[in-house]
Structure formats: structure tokens, C-alpha cells
1. Return the residue satisfying two criteria in turn: it lies in segment 14-39 and is open to solvent by less than 60 Å² (accessible area, probe 1.4 Å) and either polar (S, T, N, Q) or modelled with pLDDT under 60 (or both), and of such residues it is farthest from Met132 (Cα to Cα).
2. Checking the structure you have, find out if any residue of segment 100-109 is modelled with pLDDT under 85, aliphatic (A, V, I, L, M) and closer than 20 Å to Arg35 by Cβ.
3. What pairs come up if the first residue lies in segment 70-95 and is under 14 Å from Leu57 (Cβ atoms) and without any contact (Cβ under 8 Å) to a residue 12 or more places away in the chain, the second is open to solvent by less than 30 Å² (accessible area, probe 1.4 Å) and β-branched (Val, Ile, Thr), and their beta carbons are under 8 Å apart, counting only those six or more places apart or on different chains?
4. Output the residues belonging to segment 92-130 that are within 14 Å of Arg46 (Cα to Cα) and either open to solvent by 80 Å² or more (accessible area, probe 1.4 Å) or aliphatic (A, V, I, L, M) (or both).
5. Can you tell me which of (1) modelled with pLDDT under 95; (2) touching a Phe, Trp or Tyr at 6+ places or on another chain (Cβ under 9 Å) is the one Glu123 doesn't meet?
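The values are calculated or read from the model by the stated rules, or taken from the named source; none is laboratory data. Since we're looking at a predicted model, the values are computed, not measured. All Cβ positions, glycine included, derive from the backbone under ideal geometry; neighbour counts span all protein chains shown. Quick note on the areas: whole protein, heavy atoms, side chains included, nothing else; ligands and nucleic acids left out. Shrake-Rupley method; radii C 1.70, N 1.55, O 1.52, S 1.80 Å.
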Amino acid sequence: MPEYSTDSSGYWYDQSDDARRRRAIALLQSFRLYRAAEVAMRRRTRDSMSMGENDLLVLRYLLKAHQQGLSVSPGEIARYLGVSTASTTAIVDRLEKSGHVRRERHATDRRSIYVVPTADSDEEVRRTLGDMHDRMLEAVIDMSPEDITVVMDTLARLQAAVDQVDAHEPAVRSV
């Protein structure tokens, strides 16, 4: 197993000589570096598509729902983002004005509307993100089933760990 350096990566962890701890810190730092690269890629994507973060999140949500044959109401978008219905209306207005979505009336309840991605927006997202998705797939396609299981289990455990953080409670740090 290769040795990992934690000289610049364990910035808030206690630097002990324990090899397991050093490897764990190096692994967490690798995830942080990946996350930083992903955040930067998403910013570049939003910039190239002239969209805000929530706009792109909504568009991806709508495209996925559309592929699954699901209709999405503005209320569902508000719940997905965790924002007010007024904010959702502003996002949908921007996406409609830019030609990425359209509002459609419900077939049986004329008072209800759905937000639907346009075919052009699907093509734009595929064109913008397609090569990156291909490169990401290429990076992991040759992994063994066992390695994939280890990575997926690790990510699930990390997700469970960060999901336990309550935004309303101040963090308690030991000195």
C-alpha cells in the first residue's frame, strides 16, 4: 500500500503517529480535493450556461424527472431546493426566459401547472457535461467490483457522518 503524506492535509486533525489515522486523514483530504474540483467544475458549468447554482440544480432535477416520465410542480421544486415558493417562481421565470423550461397546464386540473425542460436544454446540458461524464466514467470503469463496493460503502458512511451535523446547533470543539 502506498504511503500518504499528510504534511499539508491534516490541518485540523491531531497529528499522531498512528498509521491508520494518517491514512484516514489522507483519504479524507483526497475526498476534499475531489469535492473542491467538482465545485469548481460546477461553477464553470454554471458560468458557461449563464445560470445560478439553484437554476442549474432545478434544470438537472427537471431533466431527470422528465427522463423518468414524471411531472414536476413548482411546489415540488421549492421542497427540493428548500426555498420559498416566491424564490421558486423567480428561478422558473429565469429558466423560462432563457428557454430552458416551459410551464404546462395540468391535463385535468387547469389550475395546476408543471415545469418541463425544453429539448434544447437537454441538448445543452448533454453538450456541456457529456465529455466530463465520459472522463469520470473512464476514471472508474476498470475498478474491480470489490473496490467499487469499498468506495461506495465509504461514501455512504461519510454521507451519514455529515448528515448528522445540525445547522442549528453550534459546533463544540475540544481544546
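1. If we take residues in segment 14-39 being open to solvent by less than 60 Å² (accessible area, probe 1.4 Å) and either polar (S, T, N, Q) or modelled with pLDDT under 60 (or both), then Ser16 is farthest from Met132 (Cα to Cα).
2. No, there is no match, as no residue in segment 100-109 is modelled with pLDDT under 85, aliphatic (A, V, I, L, M) and closer than 20 Å to Arg35 by Cβ.
3. Once the first residue is under 14 Å from Leu57 (Cβ atoms) and without any contact (Cβ under 8 Å) to a residue 12 or more places away in the chain and sits in segment 70-95, its partners that are open to solvent by less than 30 Å² (accessible area, probe 1.4 Å) and β-branched (Val, Ile, Thr) give Ala78/Thr88.
4. Arg94, Leu95, Val125, Arg126, Arg127, Leu129
5. Only one criterion is unmet by Glu123, namely (2).
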